[in-house]
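The values are calculated or read from the model by the stated rules, or taken from the named source; none is laboratory data. Since this is a predicted model, take the numbers as computed values, not measurements. Glycine gets a Cβ as well: all are built from the backbone with ideal geometry, and neighbour counts include every protein chain shown. The accessibility values were calculated without ligands, DNA or RNA, using every heavy atom of the protein model including side chains. Shrake-Rupley method; radii C 1.70, N 1.55, O 1.52, S 1.80 Å.
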Amino acid sequence: MDDIYQERILDHYEQPYHRGRLPRATHAHQDDNPLCGDFVHVDLTIGPEGKVQEAWFQGDGCCISQAAASMLMEAIEGRDVEELKRFTPEQMLELFGPKLTPNRQKCCLLAWRVVQAALYAPVGEKPPG
Amino acid sequence: MNAQPPSPLDVDAIRRDFPILATRVHGNLPLIYFDNAATTQRPRQVIQSLVEVYERHYANVHRGIHWLSEQSTDLYSEAREKVRAFINARHAEEVIFTRGTTESINLVARSWGDAHVGAGDELLLTEMEHHSNLVPWQQLAARTGAVVRFVPVTDDGLLNLDALERLLTERTKIVALTAASNVLGTYVPLPEIVRKAHQAGAKVLVDGAQSVPHAATDVQAMEADFLAFSGHKLMGPTGIGVLYGRRELLETMPPFLGGGSMIRRVTLDGYESADLPARLEAGTPPIVEAIGLGVAIDYLRRVGLDKIHEHERLLTTAAHAVLASVSGARVFGPLPEHKAGIISFTLSGIHAHDVAQIFDRQGIAVRAGHHCAMPLHKRLGVAATARASFYFYNTPAEIDQLGPALEKVKSTFRRA
């Protein structure tokens, strides 16, 4: 068995970090992978100093998509928004850990995609486009 | 396992014809290939036939006034005749070669549909269609202002035939439905549906992608107007499929694609269409693929479609028994006697992708997702299912491996 289902990942999947909604979110976004039906919703509070104060996610899907979301919430709290906008997919895959085939990389990158969009999506304003 | 009647097939002998089935994966695990509804594997005879055509007989078909072209043309025509006999069509020219089921259905929706369907007309499908028998009709409706309606699926995974009756009206132009669902496995009662559709004045297109490879098909007995299927799902090459259509319908259909082969005469002012089947086969056809399909059909007929069907029924019944013994497993679709060798399931609390991934590490190839039937999954109330699908080269011993594999999935996730 390869290490996709290693302890660290199963821990995130079964006892996720900040799973739930954040009523006082300043930024939020939601997206899905139509291919597998996975979805992730991300709520962020971004402070006046331009840092992510709190990050929460809600979602449903495979172990990889949900564990990746949990890891990402943990990783981005306290981080500078401008710096996060430059957070690459490669860095996300590295944060996740085990090597993934291209099909499963899509699962891993779902939360990353949602966070990237959320950084540009203030709550109460219509998203661009 | 439960005592089962013996298989009518010598599966060990059959498996020796399929080199890929001897593959070992992830170290030294025997490959268990349960993704046959997506595509099947091919025997040496089919693979060798492709090599032989390219090495000894290959040239472009038709028109060539040279020895090789005549060879190639003869083999291509012979392949068409093999398909005709395989589905018991009246005439060889009722067999149109396409790239696959998807192209066959698009051909009908574009050519027959654009000519015969108008605003307010109705196209009747079912809730369990593959996207390839759904999107072309949605596109036709968008072009013409026609309306697409759907026969609902019951909670048992069968078609609601009472609703079918209500949905068939004098405005229904075509009923397009699968013969066997690629998710639920459900076989639909075609003769009854075709009869009712014809009484209502509608044409019928049957998507045979999941039925033609697994059970004997007789288009005359079925009385369908069109039948579509793919070569690669019955051990043939990829890139070859069939559209069967009744001759009097095909003859009135405007050519779907324009180009070489489909013309009798071209001037700068216009063209005159060729006769069937060429009028619906523009361009250089998939010559070698068609010949390979013919060889696959020879192989299937030698084994016997009735025996194949019986063997797969035994496998499916055994698989149902395994799934029934695993707590948390939920099987979608009807009982084995109403279905093809397809079993779609979920494990409580575990995503289908994780099931497929952990199966893969045990050497078992299954598919996970919506299987190109998103509306059906919505109807079932799940985002994704895992699907094991069988062919006649699968064995009861392989089915037995499903049980331990499912337990392994469950033990990987502590909360399951």
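Numbers for the structure displayed
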| quantity | calculated |
| --- | --- |
| B:T238 paired with B:H131, simple spin-label distance in nm, labels 7 Å along Cα-to-beta-carbon | 1.6 nm |
| Residues along region A:1-34 losing 30 Å² or more of accessible surface when the other protein chains are present rather than the chain by itself (probe 1.4 Å) | A:M1, A:D2, A:Y5, A:L10, A:Y13, A:E14, A:P34 |
| Accessible surface of region A:1-111, 1.4 Å probe, proportion on carbon and sulfur as whole % | 50 percent |
| Lysines with Cα under 23 Å of A:K51, excluding same-chain neighbours fewer than 8 positions away | A:K85, A:K126 |
| Cα gyration tensor shape for chain B, rounded if a/c is under 1.5, else prolate or oblate | oblate |
| Paramagnetic label zone (point 7 Å from Cα along Cα-to-C-beta, B:E337; backbone N under 18 Å) in region B:132-165 | B:156-159 |
| Nearest-0.05 FRET efficiency for B:T154 and B:D298, computed from C-beta distance (R0 41 Å) | 0.60 |
| Calculated FRET value between B:E170 and B:H91, using beta carbons and R₀ = 35 Å, to 0.05 | 0.70 |
| Global geometry of region B:255-304, whether rounded, prolate or oblate, following the gyration tensor of its Cα atoms and the 1.5 cut on a/c | prolate |
| Of A:K99/B:K233; B:K196/B:K339; A:K106/B:K410, those spanning more than 29 Å from alpha-carbon to alpha-carbon | A:K99/B:K233 |
| Distance histogram in 10 Å bins (all Cα pairs of the protein assembly as shown, percent per bin) | 4, 16, 23, 22, 19, 11, 4, 1, 0 |
| Those trypsin sites (Lys or Arg not before Pro) in region B:46-80 that DSSP places in a loop and that have at most 12 other beta carbons within 10 Å | B:R63 |
| Reachable lysines from B:K203, criterion Cα separation under 18 angstrom, eight or more residues apart if same chain | B:K173 |
| Extension gain from B:L29 to B:Q199, taking 0.36 nm per residue of separation minus the Cα-Cα distance | 55.7 nm |
| Nearest-0.05 FRET efficiency for A:E49 and B:E251, computed from C-beta distance (R0 60 Å) | 0.20 |
| For the pair B and A, total buried accessible area rounded to nearest 100 Å², probe 1.4 Å | 1600 Å² |
| Karplus 3J(HN,Hα) series, Hz, for region B:8-23 with 6.51 cos²θ - 1.76 cosθ + 1.60 (x for Gly, Pro) | x, 10, 8, 5, 4, 5, 4, 4, 5, 7, 10, x, 5, 6, 8, 4 |
| Solvent-accessible area per residue, Å², over the protein assembly as shown with all protein chains present [probe radius 1.4 Å] | 42 Å² |
| Relative contact order, percent, chain B [alpha-carbon distance under 8 Å, six or more residues apart] | 22 percent |
| Interchain or long-range residues, amide H under 5 Å from B:I32's placed H | B:I364, B:A365 |
| Mean ellipticity per residue at 222 nm, deg cm²/dmol - from DSSP H runs of n ≥ 4 across chain B, formula -39500 (n - 2.57) | -10000 deg cm²/dmol |
| Ranked packing of A:28-34, A:39-45, most packed first, by mean Cβ within 10 Å | A:39-45, A:28-34 |
| Protein accessible area in region B:206-330, 1.4 Å probe - carbon and sulfur % | 50 percent |
| For region B:47-93: rounded, prolate or oblate by the Cα gyration tensor [a/c cutoff 1.5] | oblate |
| Axial C-alpha extent at least 20 Å, average Kyte-Doolittle at least -1.0 - helices from chain B (DSSP) | B:67-87, B:287-303, B:305-324 |
